[in-house]
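Please read the structure below before turning to the comments.
The values are calculated or read from the model by the stated rules, or taken from the named source; none is laboratory data. Computed from a predicted model, the values in this text were never measured in an experiment. Using ideal geometry, Cβ is built from the backbone for each residue, glycine included, and neighbour counts are taken over all protein chains shown.
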Amino acid sequence: MNIKIRSRRERGNSAVETGLIFLPLCLMILGGFEIARGMWMYHTLTTAIKSGARFAMVHGADCLAATATCTSTVAAIAKTIQTAGVGLEAGSVQLTLTSGAGAYACGNLNGCAGDDTQWPPAGNNAAGLPISVSATYAFHSVLSSFWPGQGSASINYLAKSTEIIQF
Amino acid sequence: MRNLRSKRNQRGQAMVLFALVLPVLLIILTFVLDVGFSYFVSKRAQTAADAAALAAVNQALQQVGPGGQVTCSTADCQSAGVCPVSGNLHNACQYAAANGFSQLGQGGQQTLSIAAGTSQFAPSVPNIPVSYWTQVVAQQTLPQWFSGLISPTGLKPAARATAALRQSQLAGSLYLLNHASDCFVSALDIGLVCGEDFLALGFNGIQTGGGIYMASSNGSGLGLPAIAAGTIAVGGVTVQAPFTYLMGQGGIQNILAGTNWNAAPKNGFTDASLFADPMAGKGQPPPPTGLQDHPVPAGLITGALLGGSPTVLPPGNYYSTLPLLNTALGTPITITGNVTFSDGQNPPCGGFCNYVFYGGIVTGVLSHVTFSPGRYVFAGAQPIAGLPGIGVSVGVNSVVQDLTPLSNGQITANTDAGEIFIFTNANFPGLVLPAAIRNSGLSFPQVQAGVSAGLNPSVTLHGLNANNTSVPAELLPFAPALIWQDQANTTLKYTSNGMLDLSCGTPCSNILSVPGSQQMIIQASQQGGHAGVNLFGMIYGPRGSWLTILGLLPGDTVAGPMQIITGALQMALDASLDIQQLPNPPTRLVAALVQ
């Protein structure tokens, strides 16, 4: 009887406990996962941008003078970034290329990958000149879906790599 | 009872679920930890490989100089392998280690492979001809934390970098070499100035087909002795150049002057090798030997009347002497009338003549002097009132020319061997002094280089033409030099192989026996609406020297396809400089990552 009474009294306990802990636990697990994923994406972005800048710095005026196949275009830089940036959503990466001629915003990676404009532009691609490749990346976290009205919110990451044209 | 049974039935569920989820979690962990770490290591490997490859070629460049030749005896060469114990590849390994990569580093996980050679193309870098290359591959075998579950070999992130020394044509028209630390007495009478590359006094103009490089990183508004890389003082200057590059924070300042400088000067360059003396490491053009002596009594050469056949002056050593006694006077040789330096044959001297002058030469009023293709050494001159003796002084309304005349007032390319004028002193390496000079007890310190002149000179000269087979092999590396100022005639010390002497930590100073001799002067003029001084070739002065273009009247111009390399350029009064691009500019070695 005692067992029966206790059992009846404890009925629903686990449901209540589960109900209390489930949401915070889910948020904690999801939060940890999303923070890790966010850091991952950020590091991927910086690595990819560094690769793009490195590509441009060895495709300057001297390289072009040595062989006509050495042209550096916005598309070539964007594709280098895409290759190095596995997992980045191309549509969320907004690329800006800065040389002595000023900043050139080619849009998102998808658009940039189809832009055959020479970059760094002639006259600003001499060895020794600084160039910068920078990008913003809109990181969409699943967590934002849990916040009322913030379902499409994102965090903007900024990555920038400045190099000296080598060649 | 039913509840109890039910609870008992549910025992172990969590374990089953956990067992089912565990592999998935492990795969995620594998991905995150191993692949993430692999990304990190791969990035670090690239940084290490880049630094190492660049360090190797940069050291090789420092060893031979931009104008030198790199071989496997001046820089390390090897097939892909481990680091040598010394040399530029050892230096490369040190850079790699500083960036976290070394052979058998990280408990034996890392490998660093380095290769170097002088083949025309670096491995896997086709179409880019190089003189010397270094390729570094940095790799690390990662510990198999979790990746062993999906891959038996583990991850081995690696990066490769290839750097090279390549011959690069000099793209600029003006190379102004003085750095912020290089000081000399200013023409503005303000004492010592440091870091001056360009000074304009009066109303001057510069037009160049190629760019302008200025090595000073001094910006405007600095306190003396520091002075801006470029100073426009009193008057104004118009500069038209495709580009003007300044090192670091280098800038242009106006003092009571207006400036129209187009394209706008651009600073921020950090690579000092772009602004280094491109001739460093070449050594100096050797003087001729075995020449006959031609003492000039009283230092006077009276040429033929104008309009007639010129007096022929054969190759040899020329110096002024006391009449009858043949004792060297050390005074300049004065040439009047119509003379030609030649052996009288066609082509002169088989295509290339050799002359050495002691004391400098002065051409008289209305004289007409023709220089055949050849090498002309001006080996010192006596100072006058404490001022340096002049190498070539052209008289009022005089003509100095070579065998390639102007066409419609414009200079054209020469097909003959061309000339090189070497301005130096009697101690120039390799120079064999005539007995009269040797025994005179006179000193022949550095002459002032260039072409000084009185009013209205007409000068047309062409530099060495590398395409002509008459140019002696030992002079070919210096083509298309027209004027060469001795590297000993500057405020900085050069070594015998043409490198700046850095044994003092910074470039060592050189004390000149006649202060101011390091100034080269080229006087501008005009003839019939065209430039009166037309030069074709390279004008070279070492770092620490300077070149003054002097114009007396509006329109006075120095023009032609030229490349001017000097410490600083000064434009005075009413001078214009119209530089077209040389068809065959010289080359120099540059170091760069190429892949």
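Observations, loosely collected:
- Reported count of residues in the stretch A:23-36, each being modelled with pLDDT of 85 or more and either crowded, with 16+ Cβ neighbours inside 10 Å or among the aliphatic types (A, V, I, L, M) (or both), is 7.
- Residues of the stretch B:191-214 satisfying the condition of being over 18 Å from the mean Cα position of the chain (by Cα) and either within 21 Å of B:GLY236 (Cβ to Cβ) or not in a loop (DSSP other than H, G, I, E, B) (or both): B:LEU192, B:VAL193, B:CYS194, B:LEU199, B:ALA200, B:LEU201, B:GLY202, B:PHE203, B:ASN204, B:GLY205, B:ILE206, B:GLN207
- Being at pLDDT 90 or above and farther than 30 Å from A:GLY12 by Cβ is a description that applies to B:CYS72.
- Screening A:ALA53, A:ALA135, A:ALA48, A:ALA75 for residues that are of a type in the set (Gly, Ala, Ser), crowded, with 19+ Cβ neighbours inside 10 Å, in a helix (DSSP H, G or I) and more than 11 Å from chain B (Cβ to nearest Cβ) leaves exactly one candidate, A:ALA53.
- Taking each residue of the stretch A:147-167 that is free of Cβ contacts under 8 Å to residues at least 40 places away in the same chain and looking for partners that are among the hydrophobic types (A, V, I, L, M, F, W, C) with beta-carbon atoms closer than 7 Å, six or more apart or interchain, yields A:ASN156/A:ALA138.
- Residue within the stretch B:569-581 that is crowded, with 20+ Cβ neighbours inside 10 Å, over 20 Å from the mean Cα position of the chain (by Cα) and part of a loop (DSSP other than H, G, I, E, B) present: no
- So B:THR340, is it surrounded by 19 or more Cβ atoms within 10 Å (Cβ to Cβ), assigned to a loop (DSSP other than H, G, I, E, B) and in contact with a strand residue (DSSP E or B) (Cβ under 8 Å, 6 or more places away or on another chain): no
- On inspection, B:GLN139 fails the criterion of being polar (S, T, N, Q), more than 14 Å from chain A (Cβ to nearest Cβ) and surrounded by fewer than 18 Cβ atoms within 10 Å (Cβ to Cβ).
- Those residues of the stretch B:221-251 which are away from chain A (no Cβ under 13 Å) and touching a residue at least 60 places away in the same chain (Cβ under 8 Å), in sequence order: B:VAL237
- Counted residues, the stretch A:56-72 - those being among the hydroxyl-bearing types (Ser, Thr, Tyr), more than 11 Å from chain B (Cβ to nearest Cβ) and assigned to a helix (DSSP H, G or I): 0
- With respect to the conditions (1) at pLDDT 85 or above; (2) out of contact with any Asp or Glu (no Cβ under 6 Å at 6 or more places or on another chain); (3) more than 14 Å from every other protein chain (Cβ to nearest Cβ), B:PRO129 falls short on a single one, namely (3).
- Unmet requirement for B:PRO278, which otherwise passes all of (1) part of a loop (DSSP other than H, G, I, E, B); (2) away from chain A (no Cβ under 14 Å): (2)
- Some residue of the stretch A:105-118 being in contact (Cβ under 8 Å) with a residue 24 or more places away in the chain, touching a Pro at 6+ places or on another chain (Cβ under 7 Å) and among the β-branched types (Val, Ile, Thr): no
- Test set (1) more than 10 Å from chain B (Cβ to nearest Cβ); (2) over 22 Å from A:ILE164 (Cα atoms); (3) without any contact (Cβ under 8 Å) to a residue 12 or more places away in the chain - A:GLY91 fails condition number: (3)
- On the stretch given as the stretch A:145-167, residues that are buried (at least 16 other Cβ atoms within 10 Å of the Cβ) and away from chain B (no Cβ under 14 Å) total 1.
- Annotation: B:LEU25 fulfils all but one of (1) modelled with pLDDT under 85; (2) away from chain A (no Cβ under 14 Å); the unmet one is (2).
- Qualifying residue in the stretch B:24-46 (condition: in contact (Cβ under 8 Å) with a residue 40 or more places away in the chain and farther than 30 Å from A:GLY32 by Cα): yes
- If you check B:PRO373, B:PRO315 for being in contact with a Gly (Cβ under 6 Å, 6 or more places away or on another chain) and modelled with pLDDT of 95 or more, only one passes: B:PRO373.
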